[in-house]
Structures are given as structure tokens and as C-alpha cells.
């Protein structure tokens, strides 16, 4: 069973597969951007008719950025799944990247429809735009700081001789998450198309991402519970529990709107950085004590 799981992982989630998927994603993003821009041109020239909530996708040439960013987000999800067998910290780092891109996509969408008055009054749209940009800067800083801290921390943990089995199990979970990713993506796309045909078609961050992060949380909890067989100290268990909490906060932020969602996104990033800083300080102190005792 482990050999089959490893074979599937190496086939679809290996470095070689990632390079192929990356090129496909970039090419698709470029094609999607040009196709979306063409649809906008056809719409404003009255060559095609678009009705319902999906009109927001052709309200401005800036709306055409929604498609390539959605494709890039899908690739980031694939990258996130690939990091599941590595460590909690690697996967959480990818989650912050996804949250950052989600906020950027929301900002671009808002800029395409925002109406700013000529006076100095800050209306609701402009106020929320300022908050979203602030949250983007906070998460962007979080992502960079997170990786700087995690790269400087010795992430080697004390595991039993069954570490290879644990990694293989996480690869099996990654394989299942890849299957869920494909299923949720297809269901989300077909659901949106059906809604658009019926006069709906509104887009928001809940489409796909809410369901995916629900399954991601379940996968993280499963890995956390299994890790109790392997981790030998409370610090690592508490650390990974904190990372799961950070994922839950991101999921809640996705389902929330307005200023509250931006606060939750920022809180998730702050929590991840503080966990890494505390872990790093403890590891450095333990190393210093170990050297002094020799």
C-alpha cells in the first residue's frame, strides 16, 4: 500500500510533475487573461450580451485580471498539496501565500467596480479598499518573514524509526487532497456556470476555497493526531496545533466579509509568525544549554 501511495505521489506531485503543472498554469493564466479581455471588448461593443450577476466580471478591463489570478491560485493550491508530506510549517507558509493572493484578487475586483466620489469623503467602498490593502501588506510581510524565520530554524524533530511510514502516510493524504482538489474545482466551475446561465454568476472567495480549506483542516487534524505516535516532546505538538488553529482562522476569514475577514487573515499570519519565533527562541536556548553542558 505504501509503495502504491508513493508511486502515485511521485507521478502527480513530484518535482518533475510540478514543473509541468507550473508551465501549464502560467500558459493558462496568459490565455485566460487574453480570453477574458476579449470577452470584455465584445461586451462593451455590444457584440455579445451578458446578464445577471456575472456582469461584474466584464464591468471593467481590470475585471479580466480575475481569471489569471484564479488560475495562479489554483496552482498555489497544487503547491500546497505538494508540501503536505514535508512539514506543517511548509504547508502553512503556502496557506499565507494563498491568503495573500486571495486578498489581491479581491482588491482588483473591487477596483474594477468602485465608484469614488470627487469630495474628500471616505465612503464604504474606499474605506474597505484601504483595509484590504493594509491586510495585503500585513500578509505579504507575514509570508516573507515566515519563510525567513522558518529557514533559520532547525526543523529536525525527534521521530521514531517509523518516520518513513509517517511520511508515506502523509503522501497518501496528499494524494487524497489532490483528488478532492480536482473534484471541488470541477464542482465549483460547473456550479458557477449553471448559476450564470440562470442569471446569477456572482464571484467571491468562498467559491472553491471554502470547501477546500474545510478538507484541508480535516487533513491537518488527521496528520496532527497521527503525529502523536511519532513526536516525543510537547513543544512540537503545541507548535503544530497552533498551525492547525491558523488554518482554521484562514478558513473562517474566507467565509467572512468586510473588515472582519481582513482582521482574521492578518490574525492568522500574526499567529504563524509568533509560533515560529517562539519555537526558534526555544530551539536556540536548548542548543545553547546543550553546548554549555558538554
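The table below gives the values:
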item: Under 11 Å from the residue 23 label point (7 Å along Cα→beta-carbon), backbone N, the stretch 64-80; result: none
item: Helix-derived mean residue ellipticity, 222 nm - over the chain, DSSP H n ≥ 4, -39500 (n - 2.57), to 500; result: -27000 deg cm²/dmol
item: Fewest-first sequence of 4, 234, 180 by Cβ atoms within 10 Å of each Cβ; result: 234, 4, 180
item: Crossing angle, helix 15-44 versus the chain [Cα axis fit, 0-90 degrees, rounded to tens]; result: 20 degrees
item: Cα-based shape type of the stretch 189-268, given that a ≥ b ≥ c are square roots of the gyration tensor eigenvalues and the cut on a/c is 1.5; result: oblate
item: Acute angle (nearest 10 degrees) that the helix 258-293 long axis makes with the longest principal axis of the chain, alpha-carbon atoms; result: 20 degrees
item: Degrees between helix 234-255 axis and first principal axis of the chain (Cα, 0 to 90, nearest 10); result: 10 degrees
item: Cα gyration tensor shape of the stretch 1-142, rounded if a/c is under 1.5, else prolate or oblate by comparing a/b with b/c; result: oblate
item: Exposure proxy ranking, count of Cβ atoms within 10 Å, fewest first, for 146, 141; result: 141, 146
item: Cβ-derived FRET efficiency at R0 51 Å, residue 233 paired with residue 31, nearest 0.05; result: 0.55
item: Estimated FRET transfer efficiency (residue 277, residue 108; beta-carbon r; R0 30 Å; 0.05); result: 0.40
item: Protection proxy ranking, peptides 267-276, 16-25, average beta carbon neighbours within 10 Å, highest first; result: 267-276, 16-25
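Any read-out appearing in this document is the output of simple, stated calculations on the displayed coordinates, not a laboratory observation. Worth saying up front: this structure is predicted, and the values here are computed from it rather than measured. Cβ: placed from backbone, ideal geometry, glycine included. Neighbour counts: every protein chain shown.
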